[in-house]
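The block underneath contains the structure these notes are about, expressed in structure tokens.
Bear in mind that the values in this text are calculations on the coordinates, not laboratory data. On a predicted model such as this, the values are computed, not experimentally measured, just so you know. All Cβ positions, glycine included, derive from the backbone under ideal geometry; neighbour counts span all protein chains shown.
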Amino acid sequence: MNKPHRSLAAQVKERLIQKGLEKRLKQLDAAPTTRPRQEDAAVPDTFTRFDQQPGFRQVRMMQEGAQRFGVENPFFHVHAGTAAAHSEIAGHPVINYGSYNYLGLSGHPRVNAAAKAAIDRYGTSVSASRIVAGERPLHRHLEQSIAELYGVDDALVMVSGHGTNISLIGHLLGPKDIVLHDEYAHNSILMGIQISRAQRFAFRHNDMADLEQLLQNHRHRAERLLIAVEGIYSMDGDYPDLPSLIHLKKRYGAWLLIDEAHALGVVGQRGLGIAEHFGTDPREVDIWMGTLSKSLAACGGYVAGEKALIENLRYLAPGFLYSVGMSPPVAAAAQAALDLLKAEPERVTTLQARGAYFFDRIRALGLDTGSSAGIAITPAIFGSSLHAVRLSSELLQRGIHVQPIIYPAVPEKQARLRFFLSSTHSQADIDITLDALRACL
């Protein structure tokens, strides 16, 4: 059944509302904060009321905009059961592209059994920081397994992936140091830099010439210099030129950090990450970082590298030292998933095949997929937040769950739907999805 065509007047009205919302959001970001001029002056409400805080006002503005456009909130959908290629939302089954259970290991019987066995033996919490009384054998086993996977001396696991980057960067660097990061680097990298008080400069996405120009301009001004990139970028599904990064970090005497949150289990013939993809010795990279919540079906983060780096973090990094140790069932689940990743490489082969099939089919629709490599993450860029939200809602009604990524998370012209593929998606799932998408366009 054909959708009713919206009148030109309705389209113009929507565009005016959307531009008005964008302007108000930009004004909110740019609004200067005022401070009391005298000691006895009353403190403004903007400093005491939570409903006057810029963040809350931004949220309310976006909610009001959604109401004016007549679209439902596309966020915080409640999923029933394990979310992989399929899920259930509001009692309805959906083909799911919103979760990064890349290898279908969350919910795997062996992973579940390992978590349950860890609870029976160690309980649900280690009830202390690891340096005090929270150390358990499964922590060290997992860290040794991660170190072996990367071929480096040692590794350290922390309870939060986001917190891992914050603690790592915040501890290693200081005001006399500089970080050069990809302009699309994850928020956790930026927050870590902010805590460290190091200077930071962004280079154009995956642009090695721009990075080298920054190195030439700034290396002499810093004691330590860190280059921070991702193994695969979760918004765009592309990856950096690792050999060039290694060449540049050696030439200019810098450290290289690679965040493999979305790369482990996804990139490389056996899913061992970007080093395997390029056939590069992982020891050429100074700091490997990643998360346990994606391919490894658990929660938390890790750092892998030489012994001196890991011992420094183990004894002094605040996010590790002053935090409870990783929950036993979480560590056990990650270990079981890592064992399955190594034992069943066909999961990676299937994921990459499904990713390529999806990529080819969506491009055949004439959609803009940006710079995606088509491995497991493919965006469909529409250049309109309203259009992306509406498409997401229409697809959900057809049994397809995919998240819109909208302004201000991305520039308005980059508003998109973002598809995460899983090895458990079938070609039939993808065909149904692309047929539904075509019908909604």
| field | Only Lys, Arg (+1) and Asp, Glu (-1) charged, at Cβ; the chain dipole about Cα centre in debye | value | 1040
| Cα-derived Rg over Rh, computed across the range 227-344 with Rh taken as Kirkwood radius | 0.97
| Residue by residue, what Karplus-based ³J(HN,Hα) values in Hz, rounded to whole numbers, does the range 338-353 have, using 6.51, -1.76 and 1.60 with θ = phi - 60° and x for Gly and Pro? | 5, 4, 5, 4, 6, 7, 10, x, 5, 5, 5, 4, 5, 4, 5, 5
| Peptide ranges 229-235, 156-162 listed from the most packed, as the mean C-beta count within 10 angstrom indicates | 229-235, 156-162
| remark: Computed curve, the range 109-343, Cα-only Debye sum without solvent term, log₁₀ I(q)/I(0) at 0.11, 0.13 Å⁻¹, is -0.53, -0.73
| request: Return, ordered by residue number, the residues of the range 321-361 whose backbone nitrogen is under 12 Å from a label point located 7 Å along Cα→Cβ of Ala128. | output: 325
| So what are the ³J(HN,Hα) numbers for the range 239-244, from phi and the Karplus equation (6.51, -1.76, 1.60; θ = phi - 60°), rounded to whole Hz, Gly and Pro as x? | 9, x, 8, 4, x, 5
| task | Please state, as a whole number in µm²/s, the translational diffusion coefficient that the Stokes-Einstein equation yields for the chain at 20 °C and 1.002 mPa s, with Rh defined as the Kirkwood radius across alpha carbon pairs. | result | 91
| 10 Å-binned pair-distance histogram of the range 64-104 (Cα, whole percent) | 27, 41, 25, 7
| Largest-first ellipsoid semi-axes for the range 159-289, taking √(5λ) over the Cα gyration tensor eigenvalues, angstrom | 22, 17, 13
| query | Under a 5 Å amide H to amide H cut-off, with H placed in plane at 1.01 Å, what residues pair with Val179 once short-range neighbours are removed? | reply | Gln199, Arg200, Phe201, Leu226
| Seen from all sides and averaged, what is the projected area of the convex hull of the Cα atoms in the range 299-441, in nm²? | 11.8
| request: Rank-order 116-124, 144-152, 374-382 by packing density, defined as the average count of other C-beta atoms within 10 Å over each peptide's residues, highest first. | output: 374-382, 144-152, 116-124
| query | Which FRET efficiency value, to the nearest 0.05, do you get for Phe50 and Val78 by plugging their Cβ-Cβ distance into 1/(1 + (r/R0)^6) with R0 = 35 Å? | reply | 0.90
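For a protection proxy built on the mean count of beta-carbon atoms within 10 angstrom, sort 84-92, 385-393, 354-362 highest first, please.
Final packing ranking: 385-393, 354-362, 84-92.
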| Under 18 Å from the Asn217 label point (7 Å along Cα→beta-carbon), backbone N, the range 250-265 | 252
| query | For the range 216-277, with only Lys/Arg (+1) and Asp/Glu (-1) charged at the beta-carbon, what is the dipole magnitude about the Cα centre, in debye rounded to 20? | reply | 460
| task | Please work out how much length the chain gains when fully extended from Asp281 to Arg224, using 0.36 nm per residue of separation minus the C-alpha to C-alpha distance, in nm with one decimal. | result | 18.2 nm
| remark: HN-Hα couplings for the range 394-404 via Karplus (6.51, -1.76, 1.60; θ = phi - 60°), in whole Hz with x for Gly/Pro, come out as 5, 5, 4, 5, 9, x, 10, 9, 9, 7, x
